[in-house]
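The values are calculated or read from the model by the stated rules, or taken from the named source; none is laboratory data. If you're wondering where the values come from, they're calculated on a predicted model, not measured in any experiment. For neighbour counting, all protein chains shown are included, and Cβ atoms are generated from backbone atoms with ideal geometry for every residue, glycine included. For accessibility, only protein heavy atoms count, side chains too; no ligands or nucleic acids. Shrake-Rupley method; radii C 1.70, N 1.55, O 1.52, S 1.80 Å.
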Amino acid sequence: MLRFVLRRLLEFVPVFFIIVTLTFFLIRLAPGGPFAAERAVPEEVLKRLNEYYNLDAPLYVQYFDYLRDLAHGDLGPSFKKPTLTVSEWIALRFPVSLELGLYALGVALLIGLAAGFLAALRPNTATDHVPMSLAMAGICIPNFVLGPLLVLVFALWLEWFPVAGWDLQQDKVLPSITLGAAYAAYVARLSRAGMLEMLAQDFVRTARAKGVSETGVVLRHALWGGMQPVVTFLGPAAAGLLTGSFVVETIFQVPGLGREFIQAAFNRDYTMIMGTVLFYAGLILLFNLIVDIVQAWLDPRVRLS
Amino acid sequence: MDAQPQPMLEAEKGSSLGQDAWRRLRQNRAAVGGGGVLIVMLFLCVITPWMAPYSYEAQNLELGSVAPRQAHWLGTDQLGRDLLTRILYGGRVSFMVGFAATAVSLLIGVTYGALAGFLGGRTDSVMMRVVDILYTLPFTILVIILMVYLGRNLVLLFLAIGAVEWLTMARIVRGQVMSLRKKEFIEAAVVLGYSRRRILFRHLIPNSLGPIIVYCTLTIPQVMLLEAFLSFLGLGVQAPMSSWGLLIKEGVETMEDFPWLVVFPSIVLSLTLFSLNFLGDGLRDALDPRAGKD
């Protein structure tokens, strides 16, 4: 097991290296620099700025300097928001995205599991068709459509929730639902399929034959097994929720890392882009690793292949 | 069911895979509905330049933004541009991106996957390792960076999205080719002395068409979604051109006063994605009855 984990960890090194290199050259090969758009900056100041941020060095020198700093865990200062370093910005913004992601995960599990199990217990009736049609809608309707429509109905017309912001508890309802909806839809489909499979098993038939009540059958015998597909989905879902909130944060003006990344991309804030991309990449790789470990733990064949 | 030889023979001559699939597809109401919606939508988008009484960029500042009415069925935006016209023109762009980027991913994915599956052995494992590694890259993020820095032009958008979406296609085709390679008709082709290129392009790839078509129909909505997502962030199609993502983005900005500007493009985009997904699901069930629902 330890060897498996170490091997997977070693495989991440080249992936991470590719991401660093790709991002670094992508953003620097493009015309225009972070200070190109600044109005009325005297020649001398511009020169000092470029010197300070190491932008006057040849590209390959900048690249190796960046790698060296990165090896020391230093992501450098932000070009456009110099009050904090990139690491400090991430430390400030990421907890917001994390909170949003957790709420969205809660929404996804609560609605998804309930809908999925309900549908599985009464297959091919209205209790099955209605939630499953909604799940199809949840998968097909993108969050940048769902978000504005929710705002329109619940914030502007009914005035139940604020339009945007992230201070009060009620601010957090609409963004969490918007982000969680698609995942709720997947959870519903997965848990329905899992539950149906469990209910068709021999041990469920045996339990019923022994006279266990329907509630008992579902709760004690089928529930855990029926949730297995959802458990394996949790890894990718968590990664997706944490790294996929650009749009939701932009719509609802949530001060999270996703919005920071989009702004940095528009502002050509080199170090901030690099920092957030690497942070996101690290997160995704970490969640991949966790999923692999869980799978290897559940199924020894994965470990040996 | 009677043991009369005549009808038996006819039944055996009966249905090719294509006919079989077509029959199964027609029985799937969701897929037929989706297909119908798509045909109507595509038709309207194609004929728009000859039919629409307005231009997609013609402004009418005196009119401004008006709610749906007889002259403007879906209303107009703040610059007095007819929304229906802009939605249909946007549809041209969205569909074009969908088809073109899917074609790019098809080209790369099929070639790569077929080669890996056909060559097998060391080459195959190296090629698939590369796919595995690429899978772990945060592609949405890289596409965002690409669009910010390399300018926001359409061709680049096709290439960028196509380059992201080919990975799954490569895996599917490789699996298909691997399993076909051991079939008798391929062995026969080898024995007959056909060249490797001929075997690959005349026998292996055509016989993998079913899964390829299915995955294509499922890639198109993903691609259109990605385009809309980028345009929504202001990184895709630029004004005065229009695309559904861009229209939604513009609509959101004035949602409070002119809700129709966000509602109609949203409905059209969602309806299209719905239809494509239903059609894709239906095609999968029709072409590959063994594949499960999820």
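Observations on the model:
- Hits in region A:252-268 (condition: in a helix (DSSP H, G or I) and either open to solvent by 50 Å² or more (accessible area, probe 1.4 Å) or not β-branched (Val, Ile, Thr) (or both)): A:Leu257, A:Gly258, A:Arg259, A:Glu260, A:Phe261, A:Gln263, A:Ala264, A:Ala265, A:Phe266, A:Asn267
- Cβ-Cβ under 9 Å pairs, at least 6 apart or on other chains, region B:73-94 side free of Cβ contacts under 8 Å to residues at least 60 places away in the same chain, far side in a helix (DSSP H, G or I) and among the polar types (S, T, N, Q): B:Thr85/B:Thr48; B:Leu88/B:Thr48; B:Arg92/B:Thr48
- Scope region A:170-186; condition touching a helix residue (DSSP H, G or I) at 6+ places or on another chain (Cβ under 9 Å) and more than 12 Å from chain B (Cβ to nearest Cβ); matching residues: A:Lys172, A:Val173, A:Leu174, A:Pro175, A:Ser176, A:Ile177, A:Thr178, A:Leu179, A:Gly180, A:Ala181, A:Tyr183, A:Ala184
- Note on region A:53-99: residues that are among the charged types (D, E, K, R) and assigned to a helix (DSSP H, G or I) amount to 6.
- Near pairs, Cβ below 9 angstrom, 6+ apart or cross-chain, from region A:43-70 (without any contact (Cβ under 8 Å) to a residue 40 or more places away in the chain) to any residue that is open to solvent by 100 Å² or more (accessible area, probe 1.4 Å): A:Asp56/A:Lys47; A:Leu59/A:Leu29
- Restricting B:Val104, B:Val93, B:Val97 to those that are touching a Gly at 6+ places or on another chain (Cβ under 7 Å), modelled with pLDDT under 90, on the phi < 0 side of the Ramachandran plot and buried (at least 17 other Cβ atoms within 10 Å of the Cβ) reduces the list to B:Val104.
- Among (1) open to solvent by less than 30 Å² (accessible area, probe 1.4 Å); (2) small (Gly, Ala, Ser); (3) not in a loop (DSSP other than H, G, I, E, B) - the single one B:Ser242 does not satisfy: (3)
- Selected residue (criterion: modelled with the highest pLDDT) from residues of region B:247-286 that are part of a loop (DSSP other than H, G, I, E, B), open to solvent by less than 40 Å² (accessible area, probe 1.4 Å) and within 7 Å of another protein chain (Cβ to nearest Cβ): B:Pro259
- Filtering region A:167-183 to residues that are in contact with a Gly (Cβ under 7 Å, 6 or more places away or on another chain) and either among the acidic types (Asp, Glu) or part of a loop (DSSP other than H, G, I, E, B) (or both) leaves only A:Asp171.
- No other residue among A:Ala281, A:Ala237 is open to solvent by less than 10 Å² (accessible area, probe 1.4 Å), touching a residue at least 24 places away in the same chain (Cβ under 8 Å) and more than 14 Å from every other protein chain (Cβ to nearest Cβ) apart from A:Ala237.
- Odd one out for B:Ile145 among (1) open to solvent by 10 Å² or more (accessible area, probe 1.4 Å); (2) closer than 25 Å to B:Phe229 by Cβ; (3) at the interface with another protein chain (Cβ under 10 Å from one of its Cβ atoms): (1)
- Qualifying positions in region A:131-144 - facing chain B (nearest Cβ under 8 Å), in a helix (DSSP H, G or I) and closer than 21 Å to A:Gly116 by Cα: A:Met136, A:Ala137, A:Ile139, A:Cys140
- Pair list, Cβ under 8 Å, 6 or more apart: region A:118-140 residue closer than 21 Å to A:Leu219 by Cα and open to solvent by less than 40 Å² (accessible area, probe 1.4 Å), other residue modelled with pLDDT under 85 and not in a helix (DSSP H, G or I): A:Asp128/A:Arg122
- Residue count for region B:148-175, restricted to those that are more than 9 Å from chain A (Cβ to nearest Cβ) and at pLDDT below 85: 14
- Residue check for B:Asp124: out of contact with any His (no Cβ under 9 Å at 6 or more places or on another chain), more than 14 Å from chain A (Cβ to nearest Cβ) and among the acidic types (Asp, Glu): yes
- Unique match (being in contact with a Phe, Trp or Tyr (Cβ under 8 Å, 6 or more places away or on another chain), of a type outside the set (A, V, I, L, M) and within 12 Å of another protein chain (Cβ to nearest Cβ)) among A:Gly165, A:Gly147: A:Gly147
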